[in-house]
Amino acid sequence: MIIDSPTGLGIEMARFPTFAVEFALSESPLDRKTYDDLFGPEIGKVMGHVGWHYKGMPIRIDALLDQKPVASAWAGAIRTRDKLEGVNISYAVGSAWRGKGLAALLSYCAVAELAAKSDFEVGGDNQGGFVNIQARDSNRASLFVAQTMGVPRCEDACFQVELQSGLVQYSGFREPMDSFLHRCVPLIHQRIHGYRPGQLKSERDLDEGSQQRYDEPTNNASAEAFRG
């Protein structure tokens, strides 16, 4: 496990990249509403207006305290209705851990790990793809994270959706993938010394391999199986 120096939290890639946010269950109803765009009752309506769909399963990076997540970020390859390709970023931080830069750090790691996968490919005609963040305007903390990461606002990624609470406005942020990675990896190094893209996947794969039953055949385990 690698460690985030400022907080002392462990940083790991989740085995199962679900959007379930376990730490939200212990928070107040008001705090839980900040996670509505991950697993809220009207997430289906919201996803119908974002203008893109996932190309495959996203990855999830967790910050752990006593082996339990206290913050998470997701990165997944997407394709827009205009057939442009990119990576969508989502994040969630437990109320007790907000204000410590975890959303940005985990988002940086999630994109870097996704880009390091051997089968990762986005871009097509838009030359390398883009990173995408969308947050409702009423969620000031989420907007602040997007701005802190330096991703510019993109009018083409903004939208409105009618929910039970009324008309909800979402802001969108987009940046070329290459420039985001160029900026984010040095920022990861400031908090996780010696980090290299693909390291979290390699550590997860090695950990899973170490749990293999003693009577399972291992002669086909090669370096290829652990390539980041």
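The values are calculated or read from the model by the stated rules, or taken from the named source; none is laboratory data. Computed from a prediction, not measured in an experiment: that's the story for all the values here. All Cβ positions, even for glycine, are placed from backbone atoms using ideal geometry, and neighbour counts span all protein chains on display. Calculation scope for accessible area: heavy atoms of the full protein, side chains included, ligands and nucleic acids excluded. Shrake-Rupley method; radii C 1.70, N 1.55, O 1.52, S 1.80 Å.
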Report the residue, chosen from 107, 26, 165, that carries the largest GNM mean-square fluctuation when the chain is represented by alpha-carbon nodes joined by springs under 10 Å.
165
Mind checking which of 116, 92, 71 has the largest fluctuation in a GNM of the chain, springs on alpha carbons under 10 Å?
116
Search the structure for amide H atoms under 5 Å from the amide H of residue 91, placed 1.01 Å from N in the peptide plane, and list their residues when 5 or more places away or on another chain.
74
Rounded D (µm²/s) - segment 161-205, Kirkwood Rh over Cα pairs, Stokes-Einstein at 20 °C, 1.002 mPa s:
154
Please work out the average accessible area per residue across segment 163-212, using the 1.4 Å probe convention, and give it in Å².
53
Can you tell me, using C-alpha contacts under 8 Å and at least 6 residues apart, the relative contact order of the chain as a whole percent?
18
Expected unfolding gain across residue 42-residue 82 under the 0.36 nm per residue rule, minus the alpha-carbon gap, is 11.9 nm
Violating pairs (Cα-Cα greater than 23 angstrom) within the set 33/117; 45/100; 33/201; 45/83; 68/201:
33/117; 45/100; 33/201
Crossing angle, helix 102-116 versus the chain [Cα axis fit, 0-90 degrees, rounded to tens]
60
Under a 5 Å amide H to amide H cut-off, with H placed in plane at 1.01 Å, what residues pair with residue 65 once short-range neighbours are removed?
70
Normalised per residue, the volume inside the convex hull of the alpha-carbon atoms of the chain in Å³ amounts to 139
Considering every pair of different Cα atoms, what Kirkwood radius, in Å, is found for segment 122-207?
15.2
How big is segment 45-160 on each of its three principal axes, counting only the C-alpha atoms and giving the largest first in Å?
43, 36, 27
Principal-axis tilt of helix 199-210 within the chain, Cα atoms, nearest 10 degrees:
50
Fraction of accessible area attributable to carbon and sulfur, segment 1-58 (%, probe 1.4 Å)
64
Residues of segment 1-68: accessible area per residue with a 1.4 Å probe, Å²
56
Compute the distance in nm between two label points, each set 7 Å from the Cα along the Cα-to-Cβ direction, one at residue 193 and one at residue 121.
4.0
Note the per residue figure in Å³ for the convex hull of the C-alpha positions in segment 1-78.
117
